[in-house]
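Before any comments, here is the structure.
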Amino acid sequence: MPTALVWFRRDLRLDDHPALQAALDAGYAPIPVYVHAPDEEAPWAPGAASNAWLARSLRALGDDLAARGSRLLLRFGPTQAALEALAAESGAEAVFWNRLYDPKVVARDRTVKQALATRGMHAQSFNGALLAEPWTVTTNAGDPCRVFTPFWKKVRPRLDDGVRATAAPARLPPVDANLASETLDAFGLAPARDWDARFWDTWTPGESGAQARLDAFVADALADYESDRDRPDREGASRLSPHLHFGEVSPRRVLARLLAADTAPAARERALAEIGWREFAHHLLYHFPQSTDADFNPRFAGFAWAEPDARVLRAWQQGRTGVPIVDAGLRQLWASGWMHNRVRMVVASFFCKNLRFHWTHGARWFWDTLVDADLANNSLGWQWSAGTGADAAPYFRIFNPVTQARRFDPDGAYVRRWIPELADVPTKAIFAPWEHAVAPGDYPARPIVDLAESRDAALKAFAALRTPEPAEA
DNA sequence: TTTTGAGTTGTTCGA
DNA sequence: GTCGAACAACTCAAA
C-alpha cells in the first residue's frame, strides 16, 4: 500500500479531518506526523499556557491514533527538512495537511509546498479550520470585508446546507515500526514547574475532551446562551475556544451540532454568530497580516499612549489593580489559563483606556497566559477594545468596570471566587470597596488609577486625534 | 459616481 | 428610578 504523510498542526483530531480523509480516499496508508518548529512562527511562537495545552493534546492524539491501529510520529523542525527526511525514510509519495492562516505559517507552508513539489511529491492542503476561507468572502466590489455584519451576511446563508463534516475513520493502517519518533517530553512543552496544575480541573485537552465540552454546551448552556454568555458568574459560555484553536473539534462539527440542536432560533443564531466572529478574525488576519502588531486604523499613530510603567503593568498582570472585576479576571486567567469574554473586554478596556497602555502590551500577556491564545482572535479582540480596529468600538465607549461588574456579576460571586480577600465583603460594596472603606489590608485600598480622571484623560487624548481644522489663511 | 444607511458587547447627564 | 440624547466623526458597503 502506498503511503502519504498526514502533517498534523492545529487540527489535532480524527473527526472531520479533510487531510486525513483525503489520504485514505486516495488509497494511501497515512503516516501521521507532528513537527515541532515554534521558531517558524516567531514573533508569535506559542506561549507557555498554549504549550502546556499542546503537550496534552498531542498525547491525546497519539493515544487516539494508537487505538485505531496507527501511530503519531513526532519530529523536530525545521519543518521542510523534517518532512523531506520522513518522506525519504518512508517512501511516502504525498503529503497532506489542513491549512492555517497566520502570516508566518502561510509563508512557511508555501515554501514547504514548493519544496515538496520540486522533489516530485504530491503536496496538497485542505480546509479543516474554517467555515469560509478568507479568499472566498468579499464585498460586492471584490474587496476583503472590514466590518463584521456585511461579512456575516455573506457567510451565514451558506451554512444552512453544503457544509458537511465527515466522521472519524474507525480503523487506520499501521505505521512502519522502523520509523523513528521523538518523545513528547523531548519537545519540552509541558511546564517545568507545575504552575498549570489547576488548569486541568476545568480543562480536558484532546478530541474526546472537546467533544464532551461540545455535548455539555449544547445540552446545558445553549438554551440560555443569549443572556448567560455574558455572565462570568455562570456556566454560560461554550468554553470551546481552546478546543477550536487546536482543532480538536472542527467548526463544521460545531455548526452541524448547532443546526441540529432543538433550541430557540435566537439562541442558535447567537452561538453561530460567535463562530462567525472567529471566522471574521481569520478573514482579517489573512487579508491584513500586519494587524497583529500595528493599529488597524492609522490615525492612532498620533495617539498619546502612556509609557507602560513596570509596576503598574505588573499589578494589572497579577490582578492587583484594586478594581475587583479587573483583578478577578486577571486572576482567573493566571489560575485557569482562560478568562470569560465579558471580563476580557473589561480588563482590556481598563488597560487601553484607563491605563492608556498600547493594546499590544496587553495582547502579549494574553498570548503567554491563555490556553486559547489565537493570533486572529487575540489581535481582533484587543484592537476592538482599544478602538484601533477596523470595526472597533467607538472611542467614547469606555467601560466602567464598576458598572460592568454590577450588571454582569450582580451577586459578586465571580469576584469572590477569584479574590478570596473580598469573600466577606457585602455585595453592595464588593464592586467598589474603596467607596466603602471595606477592603482588607492585603487588598489594594484604592484603584491603581482614578477611574473618572483616567476616563476623562482618555477622552481628551482621543479628542486630540480629531482632524484639525485647516489653518486660517 | 454619488448617496445613503449603518456600525457586537457603553456611559453619563439631565429632564 | 427611568428614559432619551449626547458623546464625533468616519468609513464601509450597498443601492
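Side notes on the structure shown:
- Residue match in the range A:291-309 (condition: within 16 Å of DNA strand B (Cβ to nearest atom) and closer than 17 Å to residue A:366 by Cα): yes
- Some residue of the range A:18-25 being over 27 Å from the mean Cα position of the chain (by Cα), surrounded by 22 or more Cβ atoms within 10 Å (Cβ to Cβ), more than 17 Å from residue A:177 (Cα to Cα) and not assigned by TED's automatic domain parsing to the domain that holds residue A:254: yes
- Helices (runs of 4 or more DSSP H) contained entirely in the range A:402-473, each with at least 3 residues that are within 31 Å of the chain's Cα centre (by Cα), within 16 Å of DNA strand C (Cβ to nearest atom) and assigned by TED's automatic domain parsing to the domain that holds residue A:335: A:451-463
- Search result, residues across the range A:134-155 that are part of a helix (DSSP H, G or I) and either more than 8 Å from DNA strand C (Cβ to nearest atom) or of a type outside the set (D, E, K, R) (or both): A:134, A:135, A:136, A:148, A:149, A:150, A:151, A:152, A:155
- Pair list, Cβ under 6 Å, 6 or more apart: the range A:1-28 residue over 26 Å from residue A:376 (Cβ atoms) and touching a residue at least 60 places away in the same chain (Cβ under 8 Å), other residue in a helix (DSSP H, G or I) and of a type in the set (Gly, Ala, Ser): A:3/A:90; A:4/A:23
- Flag for residue A:247 being at positive phi and either under 13 Å from the mean Cα position of the chain (by Cα) or not β-branched (Val, Ile, Thr) (or both): yes
- Flag if residue A:175 is over 24 Å from the mean Cα position of the chain (by Cα), among the β-branched types (Val, Ile, Thr) and surrounded by 15 or more Cβ atoms within 10 Å (Cβ to Cβ): yes
- The requirement of being surrounded by 24 or more Cβ atoms within 10 Å (Cβ to Cβ) and either more than 7 Å from DNA strand B (Cβ to nearest atom) or under 24 Å from residue A:324 (Cα atoms) (or both) is not satisfied by residue A:402.
- Taking the criterion of being part of a loop (DSSP other than H, G, I, E, B), within 16 Å of DNA strand C (Cβ to nearest atom), at negative phi and touching a Phe, Trp or Tyr at 6+ places or on another chain (Cβ under 7 Å), the residues of the range A:369-398 that qualify are A:388, A:389, A:390, A:391, A:392, A:393, A:395.
- Subset of the range A:108-133 (residues that are surrounded by fewer than 17 Cβ atoms within 10 Å (Cβ to Cβ) and either within 16 Å of DNA strand C (Cβ to nearest atom) or part of a helix (DSSP H, G or I) (or both)): A:110, A:111, A:114, A:115, A:117, A:118
- Candidates A:351, A:296, A:280, A:300 - the one that is closer than 24 Å to residue A:398 by Cβ and outside any helix (DSSP H, G or I): A:296
- Verdict on residue A:167 being exposed (fewer than 15 other Cβ atoms within 10 Å of the Cβ), more than 16 Å from DNA strand C (Cβ to nearest atom), within 19 Å of residue A:256 (Cα to Cα) and of a type outside the set (D, E, K, R): yes
- Qualifying positions in the range A:204-217 - crowded, with 21+ Cβ neighbours inside 10 Å and either of a type outside the set (D, E, K, R) or not in a helix (DSSP H, G or I) (or both): A:205, A:206, A:210, A:214, A:217
- Of the residues examined, residue A:310 is one that is more than 16 Å from DNA strand C (Cβ to nearest atom), without any contact (Cβ under 8 Å) to a residue 40 or more places away in the chain and of a type in the set (Gly, Ala, Ser).
The values are calculated or read from the model by the stated rules, or taken from the named source; none is laboratory data. Keep in mind it's a predicted model, so treat the numbers as computed, not measured. With ideal geometry, Cβ positions are generated from the backbone for all residues, glycine too; neighbour counts draw on all protein chains shown.
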